[in-house]
Each structure stands twice: as structure tokens, then as C-alpha cells.
């Protein structure tokens, strides 16, 4: 994993970086594997309370490695699917989808810090995050139509929750490039920043300072929300709240607030 992704953990924040900078962090087989392995490792580390996901060098991620398209043209497959894509290999997802969906499923919040380019699969990796801080001049595209494909790394399920349907359709049908500033207008970007990684790390530190029980329960509730009716959603939030009230970290949150000090929480 180290030759594709680096992980540095400090103060409850995992600084996760795609480090294939010579290829603009393009997605080859090893990068797919590293993305999946990283989510597993972070989920298992109880000291992690928030994640910042970014790319080294000139780009966040330029999308699928060009060598994989050559394999498709030769009829040899993409080199990343290892079988038919309809086969579920990771719960509800296949292997390429898990490289994105794994960040969605991660028990802690994920903040993407995006600059340079986020194209095709790179845009989809960005969408696996909870919050996206994007440089206004970032070049972005739902690029799959250029290669005769459709978005297939779980982004169709994610985009429908954050972007207007007609916008999704136009960008998918055309592969049109759009800027980070436009991404904010459309709903892809949460915030614009001239220093996305710096601002993402600040936000991550703020989130990591809160009760991890509260934050992680909230993420789980929001992840499950699209599958629930209103009645089910109301019941789910009540059940979650019952589980938090009176817990050690919830009491510490109250005491810290009353005493005007930083909370000291257990992971």
C-alpha cells in the first residue's frame, strides 16, 4: 500500500494521501487495492476520529490509468475488475466500487481535499467522502463517456443524493469539463478553498475534538437515511439518541461544555 497511499495519524486525524504523483495519482490495480486496504486499516484503528483524503503533486486523481484502457481495447478487460462487474465481492459492492464505497462506509467522517484534476474515477473517489473541499480552479469531469463507458464506481448512488438529476445527466452524457467553482454550484463541492488540504485538516481537527460516539452515530444515521421511510428515520434517530444519552462520552460532552474546556473522550 505504501507505494500508492500514505497514512499519517496524529491527534485523531488520519492524513491519507494518494502518492502516485508521477502519474497524477491515476487508478491502476495497485491503487484500487491500496484504497480498499486503507479503508480497512482506518476502520480498525479506534484512535482515528476523522480522515482527510488528498493527492500528492499536481492532482487529486486523474482517473483510470491509461494502460487499463489499452487492455479494454485489446479485449482483456480493465485489469481492475477481476471478473464480471455484476459480481458482488465486498458486501453490496464489487471491487472497483469498494474503492469508493469503502470511504462512504468508514465509521468516521472523511473530508476530501481536492486540487488539480479529479477526472472520471478520480471524481468518483472524491465522492466517497462526507465533505469535499475543492480548489476553485480544479478541473473535473464525469469522463466515462469519452471511453464508451458509464460511471461505475458507486458514484451513481452517491451523486443522486447531492446533485440535481438534470445536471448529473448533462455531465454524464457529455463528459464536459467543469471547474471547482462550478462544482460548488452544482453540489459536488462542499466548500471552495485556495488551500484545500490546509482547510480540510483544520476541519478534521475540529471534528476530532468532538465526542466520537456522537459523530460516528450521526454518520451511520445519515448513511442509512436514503433507505428509510420518514417513520423509520424518526425511529432510528430516537434509538440512536437513547444509546448516547448517559454514556461516558455524552456526559463528558456536557461537563466540558459547562466547564468551558475541551472534552477528553474515549475512543
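One table, with the values for the structure above:
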quantity: Cα-derived Rg over Rh, computed across the range 182-267 with Rh taken as Kirkwood radius; calculated: 1.07
quantity: Selected from 59, 26, 157 as most flexible by GNM, with the chain as the system and alpha-carbon contacts under 10 Å; calculated: 157
quantity: Ratio Rg/Rh, restricted to the range 211-258 and using Cα atoms, in which Rh is the Kirkwood radius; calculated: 1.06
quantity: Three semi-axes of the equivalent ellipsoid, the range 109-214, Cα gyration tensor, whole Å, largest first; calculated: 25, 15, 11
quantity: Whole-percent pair-distance distribution, where bins are 5 Å wide, for the alpha carbons of the range 1-54; calculated: 5, 21, 32, 22, 13, 6, 1
quantity: Proxy reagent accessibility, fewest Cβ within 10 Å first, across 162, 92; calculated: 92, 162
quantity: All-pairs Cα distance distribution in the range 83-159, expressed in whole percent, bin size 10 Å; calculated: 20, 48, 28, 4
quantity: Relative contact order (%) - criterion: Cα under 8 Å, at least six apart; region: the range 5-207; calculated: 21 percent
quantity: Most mobile listed residue (192, 27, 18) in the chain, GNM with C-alpha springs under 10 Å; calculated: 192
quantity: Pairwise centroid distance, computed over Cα atoms, of the range 93-112 with the range 247-267, Å; calculated: 30 Å
quantity: Between the range 20-67 and the range 168-220, the Cα center-to-center distance that results, in Å; calculated: 16 Å
quantity: Burial ordering of 248, 228, fewest other beta-carbon atoms within 10 Å first; calculated: 248, 228
quantity: Of 199, 22, 166, the one that fluctuates the most in a GNM where the chain has Cα springs shorter than 10 Å; calculated: 166
quantity: Net length gained if the chain between residue 37 and residue 21 were fully extended (0.36 nm per residue, minus Cα distance); calculated: 3.8 nm
quantity: Binned Cα-Cα distance frequencies in the range 5-207 - 10 Å width, integer %; calculated: 9, 38, 38, 13, 1
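Readers should treat all values here as calculations from the given coordinates under stated rules, not as data from a laboratory. Every value quoted in this text rests on a predicted model; they were computed, and no experiment measured them. Reconstructed Cβ throughout: ideal geometry from the backbone, glycine too, with neighbour counts over all protein chains shown.
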